[in-house]
Every structure is written in C-alpha cells, then in structure tokens.
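Below you'll find the structure, written out as structure tokens, and then a few comments.
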Amino acid sequence: MRVGLLFGSFNPIHIGHLILANFMATNANVDTVWLVVSPQNPFKPSNSLLHEFDRLHMVRLAIADNPDLGVTDIEFRMPKPSYTIDTLTWLKEKYPTYQFSLIMGEDNLATFHKWKNYEQILDQHEILVYPRPGSAPIPDALAGHARIQVVEAPLLDISATFIRKCLKENKSVRYLLPEVVEDYIKSKKLYS
C-alpha cells in the first residue's frame with residue numbers, strides 16, 4: 001500500500017486541502033492519501049488553534065464520502081510539538097508493509113533543511129511536491145533529487161487564516177468550506 005501523507009493543522013479544513021488531497025490520491029503515485037491532523041506545528045504558534053478533536057472531527061466530516069482519502073490522529077498521542085520524522089517512524093512501525101510519501105508545498109522545500117532529521121526523511125521517503133503561489137524555485141541542493149517528485153497539482157491560494165477571519169467577521173465562507181464543515185462550525189459557534 002502506497003500512502004501519501006498530507007500533514008496540516010486543518011484549522012479548519014477547506015476546499016483547497018480537499019482538492020489537493022483528492023488530486024494527489026488520484027493522480028500521484030499513491031493508492032490513498034491520509035490527512036494527518038497535527039495538534040501543533042513546531043513552526044506555528046498554537047494560540048489560534050482550535051481544539052485538536054474539533055479539527056479532527058471536521059476532517060472526518062469533510063472526507064466521509066471519499067474512499068480515496070483517510071485521516072489519522074496519530075500525532076495526538078505523541079509529544080508536542082510533533083515532528084514529521086517521529087510520525088513517520090511510528091507509522092512505519094505500525095504499518096511495516098506500507099510505503100509512506102510526504103505531500104508538501106513547494107514553499108516548504110526552502111526550509112526543509114530546518115526540519116528535524118530531514119536527511120533521514122529524504123533517504124527513506126518519497127516527497128510529492130505541489131506548486132504554491134509565489135513560491136521560490138526548488139533549492140539547488142534538492143532540485144533533481146531522486147526522491148523528490150513535482151506533481152503539477154492545481155494552484156489554489158485559499159488559506160485557513162483568511163477563512164477564520166471571514167468567520168470572525170460573520171462574512172460568507174460558502175464554497176470555501178464543505179457545507180458539512182460550515183454547518184459544524186456554525187452549530188458549535190467556532191471561530192467567532
């Protein structure tokens with residue numbers, strides 16, 4: 001089984017995440033894509049994060065009708081902040097016959113060398129890179145690397161930050177979020 005891993009805060013999950021995950025699941029060299037809900041990204045402040053179980057629930061709601069996508073809460077049981085290498089190590093132990101690939105935006109490659117044990121990640125896992133609006137080119141040290149595959153996925157410039165701002169200001173987020181996610185947010189009065 002070849003599994004693409006799309007890590008994120010999903011604060012909240014939006015149409016951009018879903019289009020990308022589905023595109024990768026159906027057009028990249030993977031059998032499925034798992035969305036890895038991160039309780040806390042080591043490079044982002046946690047003060048604006050919604051509780052991890054609400055974010056996990058919204059991802060489950062959003063992908064419920066798509067058999068090509070899955071979700072995991074593995075990082076909920078790991079020390080915080082979570083580091084990708086630790087998550088990959090745990091997943092490989094739990095699923096020894098699976099091949100895990102990282103899905104990351106082109107913008108993340110510029111700082112990939114700052115990730116914990118990034119060389120080990122690169123040695124053991126394929127990285128599926130999608131374009132990001134305004135990204136710098138792939139760094140020379142990584143350009144042409146055998147484990148880095150650029151996938152021409154759709155360019156979407158939708159941010160959860162923008163969506164949270166709209167929700168706080170009581171502006172419409174129609175078509176930015178799946179309807180079930182928007183309904184959940186409104187019923188729980190989240191991000192207001």
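Is there a residue being under 26 Å from Asp157 (Cβ atoms), of a type outside the set (Val, Ile, Thr), in contact with a Phe, Trp or Tyr (Cβ under 7 Å, 6 or more places away or on another chain) and open to solvent by 50 Å² or more (accessible area, probe 1.4 Å) anywhere in segment 37-56?
Yes.
For segment 67-88, enumerate the residues that are under 26 Å from Val151 (Cα atoms) and loosely packed, with under 14 Cβ neighbours inside 10 Å.
Pro67
Only one of these is hydroxyl-bearing (Ser, Thr, Tyr) and under 25 Å from Thr89 (Cα atoms): Tyr118, Tyr184. Name it.
Tyr118
Return yes when Lys92 is surrounded by fewer than 16 Cβ atoms within 10 Å (Cβ to Cβ) and in a loop (DSSP other than H, G, I, E, B) and no when it is not.
no
Out of (1) part of a strand (DSSP E or B); (2) touching a residue at least 40 places away in the same chain (Cβ under 8 Å); (3) in contact with a Leu (Cβ under 7 Å, 6 or more places away or on another chain), what's the single condition that is false for Phe7?
Of (1) part of a strand (DSSP E or B); (2) touching a residue at least 40 places away in the same chain (Cβ under 8 Å); (3) in contact with a Leu (Cβ under 7 Å, 6 or more places away or on another chain), only one is false for Phe7: (3).
When you scan segment 131-152, do you find a residue that is under 30 Å from Glu182 (Cα atoms) and in contact with a Phe, Trp or Tyr (Cβ under 6 Å, 6 or more places away or on another chain), even just one?
Within segment 131-152 (the criterion being under 30 Å from Glu182 (Cα atoms) and in contact with a Phe, Trp or Tyr (Cβ under 6 Å, 6 or more places away or on another chain)), the answer is yes, since at least one residue qualifies.
Any residue in segment 77-86 that is touching a helix residue (DSSP H, G or I) at 6+ places or on another chain (Cβ under 6 Å), of a type in the set (Val, Ile, Thr) and in a helix (DSSP H, G or I)?
Yes, there is a match, as at least one residue in segment 77-86 is touching a helix residue (DSSP H, G or I) at 6+ places or on another chain (Cβ under 6 Å), of a type in the set (Val, Ile, Thr) and in a helix (DSSP H, G or I).
Conditions tested, residue by residue: (1) over 15 Å from Ile127 (Cα atoms); (2) among the polar types (S, T, N, Q).
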site: Ile19; (1), (2): yes, no
site: Val30; (1), (2): no, no
site: Val59; (1), (2): yes, no
site: Gly70; (1), (2): yes, no
site: Gln99; (1), (2): no, yes
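The values are calculated or read from the model by the stated rules, or taken from the named source; none is laboratory data. Just so it is clear, the structure is predicted and the values come from calculations on it, not from any experiment. Neighbour counts run over all protein chains shown; Cβ positions are idealised from the backbone, glycine included. The protein model used for the area step is the full one, side chains on, heavy atoms only, and it has no ligands, DNA or RNA in it. Shrake-Rupley method; radii C 1.70, N 1.55, O 1.52, S 1.80 Å.
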